[in-house]
1. Would you mind ranking Thr175, Thr190, Thr161 so that the residue whose beta carbon has the fewest other beta carbons within 10 Å leads the list?
2. What number comes out for the charge environment of His124, summing +1 per Lys or Arg and -1 per Asp or Glu over other residues with Cβ under 13 Å away?
3. Let me test this: with uniform point scatterers at the alpha carbons of segment 102-172, what is the Debye-based log₁₀ I(q)/I(0) at q = 0.14, 0.16, 0.18, 0.26 1/Å?
4. Can you tell me the FRET efficiency between Glu132 and Lys112 if r is taken as the Cβ-Cβ distance and R0 is 25 Å, rounded to the nearest 0.05?
5. Compute the signed sum of charges (Lys and Arg +1, Asp and Glu -1) over the other residues within less than 15 Å, Cβ to Cβ, of Arg140.
6. How much net charge surrounds Asp92 when only other residues with a Cβ under 11 Å from its Cβ are counted (Lys, Arg +1; Asp, Glu -1)?
7. For segment 72-191, what are the per-bin percents of Cα-Cα distances with bins 5 Å wide, up to the bin holding the maximum?
8. For segment 83-104 and segment 136-165, what is the separation of their Cα centres, given in Å?
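Just so it is clear, none of the values below were taken in a lab; they were calculated from the coordinates. Bear in mind that the values here come from a model prediction, so they are computed numbers and not experimental data. Note: ideal-geometry Cβ built from the backbone for every residue, glycine included; neighbour counts use all protein chains shown.
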Amino acid sequence: MMIRRAARVAAAVALVLALGVAACAKKKPPVARPIPPPPPPTEQPMTPPEPAAPTAEAPPPPAPVAEDAIAAGSLDEINKNSPLKPVFFGLDASEVDAAGQKALEANADILKRYASWQISIEGHCDERGTAEYNLALGERRALAARNYLVSLGVAADRVKTVSYGKEFPFDPGHTESAWAKNRRAHFVVTAK
């Protein structure tokens with residue numbers, strides 16, 4: 001009985017080894033079939049080539065635009081006379097209205113023109129409300145402006161956001177007209 005079992009195990013091991021050797025055997029690469037030679041060229045009378053059609057000269061490169069003086073300046077000069085316009089918001093609002101959309105579309109055109117510029121969008125609020133509420137509202141405003149720019153084709157990695165809440169008012173007054181100026185998303189060029 002033991003001998004039969006040992007014989008079965010030996011036969012199974014031999015079978016596994018035989019299958020392993022057969023599986024590992026290298027297969028012969030396929031033999032390439034010869035390609036028939038190309039047909040001999042047919043004799044055709046030699047005709048001179050037709051003269052090339054005249055081509056229009058390439059227009060000269062555009063002259064530098066005077067606005068590029070903006071890009072030639074330092075970051076401080078660019079931000080002092082910023083071509084990027086702020087977006088203003090209503091009281092306790094972070095939705096971009098029609099006037100804000102126009103400003104963001106103009107800003108997107110500028111950012112597409114100066115594709116190396118990196119910007120930061122600062123979210124600001126008026127002085128009313130708690131510091132925590134205004135920081136959160138300023139963040140929503142900055143993100144709303146950023147998202148609209150990204151939807152217009154500005155790369156998201158070029159635009160950072162920060163909220164200053166009510167800490168840096170544009171107008172220090174305590175009237176509705178001053179508060180309206182302070183509820184904004186402000187654009188700062190951080191790298192060019």
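1. Working: Thr175 9, Thr190 13, Thr161 20.
Listed from fewest to most nearby Cβ atoms, that is Thr175, Thr190, Thr161.
2. Local charge sum for His124: +1.
3. -0.46, -0.57, -0.69, -1.05
4. For Glu132 and Lys112, the calculated efficiency is 0.10.
5. Net charge around Arg140: -2.
6. +2
7. Over segment 72-191, the share of Cα pairs per 5 Å bin runs 2, 13, 23, 24, 19, 12, 6, 1, 0 percent.
8. 12 Å
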